[in-house]
Amino acid sequence: MLRYFVYALIFAIEAVTSVHSQFYYGLVQQFGKNRVQYNQFEWGFYRFDRFDIYTYADNTLYPQAVANLVFRNLKELEVILEVNLEGRFQVILFNTHGDRLQSNLNPDINQPANSTRVILQGRQSTLLLHFTGSYQTLEQEIRAGLARLLLHFQMFGDLQPAGIDLMRIHFPDWFTEGLISYLAYGNDERISWQILELHSRNAFRRINTLDADLARLAGHGLWSYIGLNYGRGVIKNILFTSLIHRSLDYGIEYVLGISTKELIKRWKLSNDKWLNDLQNYSLPNQSIALLKLHSHHSITALDPNPSLNQLAIASVKRGKRYVHLYTFKTGKKKRLYTSGHRSYEPPDHQLPIPVWNPSLPILLIIDEKNGFIRLNFYDFEEKKWTKKPLYGVTKIFSASYSPDGQKLLLSAMKDGRTDILEYDIRNTSLKNITSDIHTDLYPIYISGNDWIAVSTNRTQPPQPSKEPHPELRPENLQIFHRKQEDKTTLLLASDNKSGRPHKLKRGTLIYSEWSQNLSTTFTLATLDSAVTRVDTAIHYRYYTNTTPLAELPGIISHYAPGPDSSTLILSITDRKGRPQIILQTIPDNTSKTNLQPFKTHQLSDTPQTITGIRSKVRTPLYEFYIDDYEFDPRLIDKYRPTGKSRPAAPTQLQAPSILSKIQPLARKQEDVKLPPRRPYLLSFYRDHLSFNLDNAFLIPQYQPFTGRPQPHLLNPQINAMTRITVADVLKDYKLLLGFRAELNPLAGRSLSPNHELLLWFGNHKKRWKHEYTLYRRSMVVTGNQPVWLRYLTHEGQYKAIFPIDEVRSIHLSPSYRLDTRIALAREANSLQQPTEYQHFAILRASFVHDESLSRGINLWTGFRYKIFSEYYRNPLRTGSGLFTAGLDFRHYLPTGRSAIWANRLALGTSFGPERLLHFLGGVDNNFTPKFDENTPIATTQQYIFQTLVTNMRGFFQNARNGNNFALINSELRLPIFRMLLQRPIRNNFISNFQLLLFSDVGTAWNGISPLSPENAINTTIIDQGNLRIIIDSRKDPLIASIGAGMRLVLFGHIVRIDYARGIEDYTLLPGMFHISIGFDF
């Protein structure tokens, strides 16, 4: 069956004439994801003593707030880790998540597919930040970035590129990423609950083989357990000891006195106890499962329609955004809206935003496309979409309709602030309701268009303010009257963080609060008023009644009112980790949950008066005042120093000294003076420096065909390749210098006659990417040749890349190539040889689709492919022309326990007056390549170039040849030590060691099919005098191989060792070894 399948693929090649995939050398291909610049920004920066802040914001509020947070948190983290950061670092500010994804500063998501060495990343001194609407979240992101810088500095001693370091320290992700997460987020309720949820599903059973996200959460839980039980002071000791001895096991055991295995065991027991305690909050048999979404979905919003018979569910899955519509009566779900594409970039969890119109059967979905905000209105009666852009704001965080359905109340970013704005749908006009530095999230109308409820961190009434310091406290629910000049305000405040409020009916709403005991409390709030006095006008006293409804275990981020007053719609996670929507019944008797009783919060119309503040202030842990501390008298007597006695302690403590020791609950930020803004000037810094050993070319090219096979042109000697790259701060421009030289002196001519030089410049500032390349190659052919020849290749290339999105791109590249053939002067005969010149005008085009994700060295998931076409023509000769076309498709399927099943399909063809000769067999980057001289080459074909097609293990190069080829590779990659060992693997060699089982099937031919008479492999001609003997060999054009191999990481290079046995004419051939270097197949 496989044979017929391959033959079927062969005939498909004839249709591939307008696409492009260059097989210049073996299986080397250029894939990769893209950065798409939809918008252009005018950058500037603020220079401080220790760092620079780069921003394109046209205001100073955002940079000022970031500068304050960086200064304070840098000092705090330096004290925690006991390290003084040396060197300047850069803070790059983006307004939104979408703007950040457009930047070239994001970590490179592409593993170098044409390099045999694991290239170390460049500058580690950049913090990328974007604003999510909450300054608490912004501070956490800043702490995460600073913790990463400090950890990198402590491990490697520098923020600059590390260069070549063969003794790099390799700690598991849970150790490093978990520590960064713990230092950034601390005991954040959402993360703590997520860890407990995963623990309940036994997701941390094999902690050293977890994916990056799970490993980060497991490490966060472990470091939190260490800080809680041993004190945060031991963190720096564990880290320092582990670095000194290059062993985390030694560091943990030396500092804590227990092994890593025992530490993990105790942490899991602690999680079990916590889960058991949370069972006291459970409400069994009072919830109904409505629906489950597929795995990898993350719910971002729930919004029921005004009739409470349908529910809009917004979610994201691997970069794609969805809105599903669920009908309560039928229990069915249908997909209403989709945007985006599959991607492994961190998604924006604030999109899409579904909002129901209260008076019309219209659902509004707010989304972003191509860098702009889009309002998508779906009319259920007419069943059609109406789409319109929204200008004037940078980002929308939430939205709600006015009672008449004519306006939208937005929480949006404008001028660097998160404000409440009112958007008139008909007039497309925006009006600010608040305008200050404080956070305003989830605003809703609760009584007509006058009273607004919002989740905010302010403690004062909304008013214009130039205060650059936002209050870093949990968001609480605030209710205010928008039209009163004094903006009388009612604040329902506590130390718990309030979630999104939902309006139930006029003057009534429900809101949630998260507590540090990992529970969510739902409270009903009703706005009411009473007459206080009557003079020329009626004066009112406003108040709210709050009634706790239920306290449920866990941190519930997304909820909505149910179809009746006694139910809530909740988003939870089931035992298998899939998002689930449930209908939770609120019990009639709330006393069982030990909730707080009914409360009344009042506010009058007195200007700027706040009353009725409900607070549950927790005593800070480990906080005491030394002037008010009483030591045990027995300890005083035991440790009393001899000699002169100390002065007696004062018998009465003065009030000023007491007040001077009291710290406010809300941390006061330091006042950092913002320096003058400087324009961004282009300057270059070293990005990375790499050395690799291989026998590939600096840039892939077809090699000239001179009428007979010349393997030395296909297989240069293995030698060192050096690349030096410099880039600007924003990495919009890059300059690369590459060179390689073989130390093979040619007497009287050159110490290195075989060499390559490359100069490359890339302009990636805008959506259209522009790349310019100058290349020179020199190769001398000596050996047993009667005439020694030198081949020179010069090529100038321009490439334009248009990214359709982050995973798809179109490449167009015109270039000009000059090949020179020089006979070296050794004798009189060689002096008569003319110098030959070949000129080629080249046009290349390709389409790349890459949705693969790297899970480790030589381990991917997903798929990627490239289709291409190119045209060569000698403008100085008539009748010249070469067309090529091809496809390279690769698919990687996880098979569990870190194993990957990788498959590759490669097809290639050439046509026109001139042809390209494909040599099938062997592997690329082989240490000892061998060429099969016995395989004949069709002399009737007008070949001008030759190339190598791999992998076809079990055969030498040129096992088959022709102007067409088809090839299938299949490998099962087993990182055996990762799969077997459940402890951290410190040795890089052992950690990346892989066993392989593989099979290759392929063929190369001329003509329409491999059975065509043009194929030289089927015919052998023997001339003896007047006799010509023609032998029809009837060889099967299809060859295959099976075998096993290993992948090793030695000195930063991937070494491939394969043993294969070829199959030809249904005969199993003797086995052979292939030793090479390179990634992937």
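The values are calculated or read from the model by the stated rules, or taken from the named source; none is laboratory data. All figures in this text were calculated on a predicted structure; none of them were measured in a lab. Ideal geometry is used to build each Cβ from the backbone, glycine not excepted, and the neighbour counts take in all protein chains shown.
The table for this structure:
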read-out: Failed condition for Phe71, given (1) more than 18 Å from the chain's Cα centre (by Cα); (2) modelled with pLDDT of 90 or more; (3) within 26 Å of Ala727 (Cβ to Cβ); value: (3)
read-out: Neighbours by Cβ (under 6 Å, 6+ apart or cross-chain): first from the stretch 342-366, more than 16 Å from Asp379 (Cα to Cα); second among the aromatic types (Phe, Trp, Tyr); value: Gln350/Phe397
read-out: Residue in the stretch 311-323 that is touching a Phe, Trp or Tyr at 6+ places or on another chain (Cβ under 9 Å), free of Cβ contacts under 8 Å to residues at least 40 places away in the same chain and buried (at least 20 other Cβ atoms within 10 Å of the Cβ) present; value: yes
read-out: Residue selected from the stretch 762-798 under the condition charged (D, E, K, R) and within 17 Å of Leu737 (Cα to Cα), by the criterion surrounded by the fewest Cβ atoms within 10 Å (Cβ to Cβ); value: Arg776
read-out: For Arg1061: the one exception among (1) of a type in the set (Lys, Arg); (2) at pLDDT below 95; (3) within 46 Å of the chain's Cα centre (by Cα); value: (2)
read-out: Which numbered condition Arg877 misses (of (1) closer than 30 Å to Gln994 by Cβ; (2) surrounded by fewer than 17 Cβ atoms within 10 Å (Cβ to Cβ)); value: (1)
read-out: Among (1) under 19 Å from Leu974 (Cα atoms); (2) at pLDDT 90 or above; (3) among the hydrophobic types (A, V, I, L, M, F, W, C), the one test that Ile1054 misses; value: (2)
read-out: Number of the exception - Pro975 against (1) within 30 Å of Thr260 (Cβ to Cβ); (2) touching a strand residue (DSSP E or B) at 6+ places or on another chain (Cβ under 8 Å); (3) of a type outside the set (S, T, N, Q); (4) at pLDDT below 90; value: (4)
read-out: Phe889 of a type in the set (Phe, Trp, Tyr), farther than 30 Å from Leu1048 by Cβ and assigned by TED's automatic domain parsing to the domain that holds Arg776; value: no
read-out: One residue from Ile207, Ile258 being surrounded by fewer than 16 Cβ atoms within 10 Å (Cβ to Cβ) and of a type in the set (Val, Ile, Thr); value: Ile258
read-out: Residue check for Gln111: at pLDDT below 75 and within 18 Å of the chain's Cα centre (by Cα); value: yes
read-out: Filter pass, Pro700 being under 32 Å from the mean Cα position of the chain (by Cα) and at pLDDT 70 or above; value: yes
read-out: Residue that is modelled with the highest pLDDT [pool: residues in the stretch 482-509 that are among the β-branched types (Val, Ile, Thr) and buried (at least 21 other Cβ atoms within 10 Å of the Cβ)]; value: Thr489
read-out: Subset of the stretch 242-254 [touching a residue at least 24 places away in the same chain (Cβ under 8 Å) and part of a helix (DSSP H, G or I)]; value: Ser242, Leu243, Leu248, Asp249
read-out: Breaking point among (1) small (Gly, Ala, Ser); (2) in contact (Cβ under 8 Å) with a residue 40 or more places away in the chain; (3) within 23 Å of Asp404 (Cα to Cα); (4) not in a strand (DSSP E or B), for Ser307; value: (2)
read-out: Inter-residue pairs, beta-carbon under 7 Å, first under 19 Å from Phe956 (Cα atoms) and in the stretch 1045-1070, second of a type in the set (Ser, Thr, Tyr) and part of a strand (DSSP E or B), 6+ apart; value: Gly1045/Tyr1059; Arg1056/Ser1076; Ala1060/Ser1041; Arg1061/Ser1041; Gly1062/Ser1041; Ile1063/Ser1041
read-out: Extreme residue, surrounded by the fewest Cβ atoms within 10 Å (Cβ to Cβ), among residues of the stretch 899-932 that are in a loop (DSSP other than H, G, I, E, B) and of a type outside the set (D, E, K, R); value: Thr928
read-out: Tabulated pairs, the stretch 574-586, first closer than 20 Å to Leu214 by Cβ, second aliphatic (A, V, I, L, M), C-beta under 6 angstrom, 6+ apart or interchain; value: Pro579/Leu293; Pro579/Ile299; Gln580/Ile572
read-out: The listed residue being part of a strand (DSSP E or B) and at positive phi, out of Tyr442, Tyr423; value: Tyr442
read-out: The lone exception for Ile556 - which of (1) surrounded by fewer than 22 Cβ atoms within 10 Å (Cβ to Cβ); (2) out of contact with any helix residue (DSSP H, G or I) (no Cβ under 7 Å at 6 or more places or on another chain); (3) at pLDDT 85 or above; (4) assigned to a strand (DSSP E or B) it fails; value: (4)
read-out: Residue within the stretch 519-541 that is at pLDDT 85 or above, outside any loop (DSSP other than H, G, I, E, B) and surrounded by fewer than 16 Cβ atoms within 10 Å (Cβ to Cβ) present; value: no
read-out: Gly32 vs. criteria surrounded by fewer than 18 Cβ atoms within 10 Å (Cβ to Cβ), at positive phi and either in contact (Cβ under 8 Å) with a residue 40 or more places away in the chain or not polar (S, T, N, Q) (or both); value: no
read-out: Number of the condition not met by His324 [criteria: (1) at positive phi; (2) touching a strand residue (DSSP E or B) at 6+ places or on another chain (Cβ under 9 Å)]; value: (1)
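To keep it simple, each residue is scored yes or no on (1) farther than 28 Å from Ser512 by Cβ; (2) hydroxyl-bearing (Ser, Thr, Tyr).
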residue: Pro172; (1), (2): yes, no
residue: Leu179; (1), (2): yes, no
residue: Asn187; (1), (2): no, no
residue: Trp193; (1), (2): no, no
residue: Ser200; (1), (2): no, yes
residue: Ala215; (1), (2): yes, no
residue: Leu222; (1), (2): yes, no
residue: Ile235; (1), (2): yes, no
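The rows are residues; the columns are (1) within 27 Å of the chain's Cα centre (by Cα); (2) in a strand (DSSP E or B).
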| site | (1), (2) |
| --- | --- |
| Ala289 | no, yes |
| Ile299 | yes, yes |
| Ser343 | yes, no |
| Asp348 | yes, no |
